[in-house]
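Down below is the structure, laid out as structure tokens.
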Amino acid sequence: MPPVSQFRGAWQEAQIPAEVIDRAEAYQARWGGLVLPSAPGMPEDAAGPRMLNVDTPERDDTVPPSGWFFEAGLQRTAVPYAFLIGPDGTFGIAGGDDGRWVPLHHSIDGWVEASALAYAAMDVADTVTRLTGSAVGQLDLAEMRPVAEVGGITNGWWYRPGLLAAVYSGESELFSRPDYRTAYLYAGNIDEQWL
């Protein structure tokens, strides 16, 4: 993957602030070229980009948070949104008819952790139950604690002994479609030491 330094001059000429270029450069140095497989059955927003790779930052003041975004990597399949890193470092999706921004995780690190957890949960679970739409809203997460490492915002993970729950609401929020919400319940010999 080409380093951001190769584009710095052109980006400065395009009036992209130095601190934004520095953020993009740090992202590319750490994550550029990483390819993670999507976990089986995950919604497209949870599957994330095909390969992490920064693209030219762009300013967007039409959706909160206002500021500079850059692409986190190209989509795996044809979807009507892009995976972006927001001005505050969040990882999310933007698109749809109104170009709405929906943060999925507090950082790209959270998405990487969530992807790893999805694979690990498949290995450990005795059963996996998939819920969609209104059934997701009936989940009682009050007795569970969030898995902090995934930094979930609209997509997140919860834990209690014997159960992991992954709830994916990013596409649902982006398209204002409650029926797009999806959850996976991984039940089995799962304890806190395993996390």
Does segment 121-133 include one or more residues that are part of a helix (DSSP H, G or I), among the β-branched types (Val, Ile, Thr) and within 15 Å of Ala187 (Cβ to Cβ)?
-> yes
So which residues in segment 55-93 are open to solvent by 20 Å² or more (accessible area, probe 1.4 Å), in contact with a strand residue (DSSP E or B) (Cβ under 7 Å, 6 or more places away or on another chain) and within 20 Å of Pro43 (Cα to Cα), if there are any at all?
-> Glu71, Leu74, Gln75, Arg76, Pro80, Ala82, Leu84
Could you grab me the full set of residues in segment 171-181 that are surrounded by fewer than 24 Cβ atoms within 10 Å (Cβ to Cβ) and either among the polar types (S, T, N, Q) or out of contact with any Gly (no Cβ under 7 Å at 6 or more places or on another chain) (or both)?
-> Ser172, Glu173, Ser176, Arg177, Tyr180
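Being surrounded by fewer than 18 Cβ atoms within 10 Å (Cβ to Cβ), of a type in the set (A, V, I, L, M) and more than 13 Å from the chain's Cα centre (by Cα) narrows it down to one of Leu185, Leu164, Leu141, so name that one.
Answer to the check: Leu141.
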Which one of these does Tyr27 not meet: (1) open to solvent by 10 Å² or more (accessible area, probe 1.4 Å); (2) closer than 23 Å to Tyr159 by Cα; (3) aromatic (Phe, Trp, Tyr)?
-> (2)
Filter pass, Gly96 being open to solvent by less than 50 Å² (accessible area, probe 1.4 Å) and in contact with a strand residue (DSSP E or B) (Cβ under 9 Å, 6 or more places away or on another chain) | yes
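The values are calculated or read from the model by the stated rules, or taken from the named source; none is laboratory data. Since we're looking at a predicted model, the values are computed, not measured. Cβ: placed from backbone, ideal geometry, glycine included. Neighbour counts: every protein chain shown. Note: accessible area is taken over every heavy atom of the protein model, side chains too, but ligands, DNA and RNA are not part of it. Shrake-Rupley method; radii C 1.70, N 1.55, O 1.52, S 1.80 Å.
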